[in-house]
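Heads up, the thing below is written out as C-alpha cells.
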Amino acid sequence: MAVRDVPGDAVDPLDRAEMFATGWRWQSPLGDRTRSIELSDDTAGVAVHFGRRTPWVGNTLAIGDAATAIDPLFGTALHLAHDAILLALDLLPGRDFGQAEVAEYNRRSRAVSTRMRDFHALHHLRAGSKEAELPKGLARTLEQFKRRGRLPPFEGEPFEADAWLASLIGLGLTPDAIDPLSASIDPARAAHAMDALATRLAEATERVPPYPQLLSRLRAG
C-alpha cells in the first residue's frame, strides 16, 4: 500500500524503514509529499520471489520496472532504472551493436538485480517471511558476516558496504568473531579514534544550516 500526504512543518531529512508484526513500513519525505508503504506478511512472502525478464532482446531494451519488478521497500526501482541507463550508455558503441554487447548488458544487469533481490530478501526474512531457502548470494553474505564480520564482494553490487552493515547489525545479526586485522588494533587506540570521529561529526553538524533551510537554498539554485 502506498500513501502520499503533504508533509508537516518539520521536514524529516531521513528515510525511515520500520519493522512491525505485519511486515515493513517505509517512509520517504519528498519535496511536496510523504510516501509511505506498508507490506504485510503475505505480500512480503510473495515479493521475495521477484520478477525479471531479459532486458535487452533484439533492438528493444527494457529499463527499470519494465525489466525487473521488485517490491517498493527502500525505493530501489529508481536505482535499478538509473543503473540500467548508465550501463546502456557504457556498452552502446553507437548505432552498430552486436550480440557481444547484448549478452554483456544482460549479464551485468542480471548481477545487479540479483544482488538487489538479496538485500530485499534479508529484510523480509528477518521480518518473519516464511522463505524456505535463502538466495545463494544472501546465504553467502550471511555466512561470511556471521563468521568474522566480512562482506564478500559481488559484481554489480548496488549497495555500499555501510548499507549492508547497517542493515545486518540493525536487524540483530552480529559476527561470531572479529576479523584478525581488527583484533590487532589496541582497544584504547580504537576507542580514541572513534571518540575523535564522533567529535568531528558533531562539529560538522553545528556548521551546516537546518535541513529546511538547506532545502530552500538548493531549490533556489
What is the distance, in nm, between label points placed 7 Å from the Cα along the Cα-to-Cβ direction at Asp179 and at Arg53?
4.2 nm
Phi-derived 3J(HN,Hα) across the range 164-178 with the Karplus relation (6.51, -1.76, 1.60, θ = phi - 60°), rounded Hz, x for Gly and Pro, is 5, 4, 4, 6, 4, 5, x, 8, x, 8, 9, x, 6, 8, 8
So for each of 198-208, 64-74 I average, over its residues, the number of other beta carbons within 10 Å; can you give me the resulting order with the highest mean first?
64-74, 198-208
Ranked list, fewest to most other Cβ atoms within 10 Å of each Cβ, for Leu181, Leu138
Leu181, Leu138
Classify the range 75-221 as rounded, prolate or oblate from the Cα gyration tensor: take a ≥ b ≥ c as the square roots of its eigenvalues, call it rounded if a/c is under 1.5, otherwise prolate when a/b beats b/c and oblate if not.
oblate
Grab the beta carbon distance between Asp12 and Glu206, set R0 = 22 Å, and tell me the FRET efficiency rounded to 0.05.
0.65
Can you list the GluC sites (Glu not before Pro) in the range 94-167 that are in a DSSP coil and have 13 or fewer other beta carbons within 10 angstrom?
Glu133, Glu155, Glu160
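Every number in this text was worked out from the coordinates using simple rules, so none of it is lab data. The model shown is predicted, which means the values in this text are computed figures rather than measured ones. Glycine also receives a Cβ, built like all others from the backbone with ideal geometry; neighbour counts cover every protein chain displayed.
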